[in-house]
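Asker: Here's a structure for you.
The values are calculated or read from the model by the stated rules, or taken from the named source; none is laboratory data. Note that this is a predicted model, so its numbers are computed, not measured. A quick note on method: Cβ atoms are made from the backbone with ideal geometry, for glycine too, and the neighbour counts reach across all protein chains shown. Side chains included, ligands, DNA and RNA excluded: accessible areas come from the protein's heavy atoms. Shrake-Rupley method; radii C 1.70, N 1.55, O 1.52, S 1.80 Å.
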Amino acid sequence: AVNFGIIYGISDFGLSRDLGISRKEAGAFIDRYFASYPGVRLYLDRTIAEAREKGYVTTILNRRRYLPDLFSSNRMVRNFGERTAMNTPIQGSAADIMKLAMLKVDRDMRSEGIPALMLLQVHDELIFEVREKELNQAAFVVKTSMENAYDLDVPLEVDMKFGKNWYEMQSLIL
């Protein structure tokens, strides 16, 4: 949560509130984070600069989000626009990949003749209803399909769990 907060522009005030620490400690934590990961700061600064230049940011599949708030005279509104500029390429790209993964999983399940039903998507998770006797085959197809939904420099990894409900979930090792 701290990592996501920092890369999405959380302030020392917000981090201090979330962690129950002083604002000074939170500011020092943020400074140490960016000192340890200077590439993150460069990426965020470059993203905001490009957003100001173009008026929008894009996702990995080139979907655009226009950001008129970046040009507001109100500092709070402008800061929100900057946080949106930082967040959209990351979260929007994750959504792009998830949509591709859902389509690939559906196509591959049908191709394999697996009678599983995709019930729900929650952020980066897919929930299926599948008969126990087809669990391993369905899990293999889901894992393989999701991990190969989009080619990135860093491989996508998928964890599998199963259970009759979310409270009874157990890891599934393939």
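Asker: I need a count of the residues in region 22-37 that are touching a helix residue (DSSP H, G or I) at 6+ places or on another chain (Cβ under 8 Å) and open to solvent by less than 60 Å² (accessible area, probe 1.4 Å).
Answerer: So the answer is 6.
Asker: A further question follows. So which residues in region 15-33 are out of contact with any Leu (no Cβ under 6 Å at 6 or more places or on another chain), in contact (Cβ under 8 Å) with a residue 12 or more places away in the chain and not charged (D, E, K, R)?
Answerer: LEU15, LEU19, GLY27, PHE29, ILE30, TYR33
Yes/no matrix, rows are residues, columns are (1) closer than 19 Å to ASP159 by Cβ; (2) surrounded by 13 or more Cβ atoms within 10 Å (Cβ to Cβ); (3) touching a residue at least 12 places away in the same chain (Cβ under 8 Å):
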{"position": "ALA85", "(1), (2), (3)": "no, yes, yes"}
{"position": "ILE90", "(1), (2), (3)": "no, yes, yes"}
{"position": "SER111", "(1), (2), (3)": "no, no, no"}
{"position": "LEU126", "(1), (2), (3)": "yes, yes, yes"}
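Asker: What pairs can you find where one residue is in region 151-163 and over 15 Å from LEU100 (Cα atoms) and in contact (Cβ under 8 Å) with a residue 24 or more places away in the chain, the other is in a loop (DSSP other than H, G, I, E, B) and of a type in the set (A, V, I, L, M), and their Cβ atoms are less than 6 Å apart, with a gap of 6+ or different chains?
Answerer: Sorted first by the residue in region 151-163, then by its partner, the pairs are PHE162/LEU172.
Asker: (1) modelled with pLDDT of 95 or more; (2) farther than 30 Å from MET169 by Cα; (3) surrounded by 13 or more Cβ atoms within 10 Å (Cβ to Cβ): which one isn't true of VAL40, the others all being true?
Answerer: With (1) modelled with pLDDT of 95 or more; (2) farther than 30 Å from MET169 by Cα; (3) surrounded by 13 or more Cβ atoms within 10 Å (Cβ to Cβ) applied to VAL40, the lone miss is (1).
Asker: Counting just the residues of region 128-143 that are in contact with a Leu (Cβ under 9 Å, 6 or more places away or on another chain) and of a type outside the set (Gly, Ala, Ser), which one comes out surrounded by the most Cβ atoms within 10 Å (Cβ to Cβ)? Break it down stepwise before answering.
Answerer: Kept after step one, since they are in contact with a Leu (Cβ under 9 Å, 6 or more places away or on another chain), are these residues of region 128-143: 128-130, 135-136, 139-140, 142-143.
Within this subset, residues satisfying the condition of being of a type outside the set (Gly, Ala, Ser) are 128-130, 135-136, 140, 142-143.
Working: PHE128: 17, GLU129: 11, VAL130: 20, LEU135: 16, ASN136: 14, PHE140: 16, VAL142: 24, LYS143: 17.
Out of the qualifying residues, it is VAL142.
Asker: If you take the residues in region 92-106 that are in contact (Cβ under 8 Å) with a residue 12 or more places away in the chain and among the charged types (D, E, K, R), which one is least open to solvent (accessible area, probe 1.4 Å)?
Answerer: ASP96
Asker: Which one of these does ARG65 not meet: (1) modelled with pLDDT under 95; (2) open to solvent by 50 Å² or more (accessible area, probe 1.4 Å)?
Answerer: (1)
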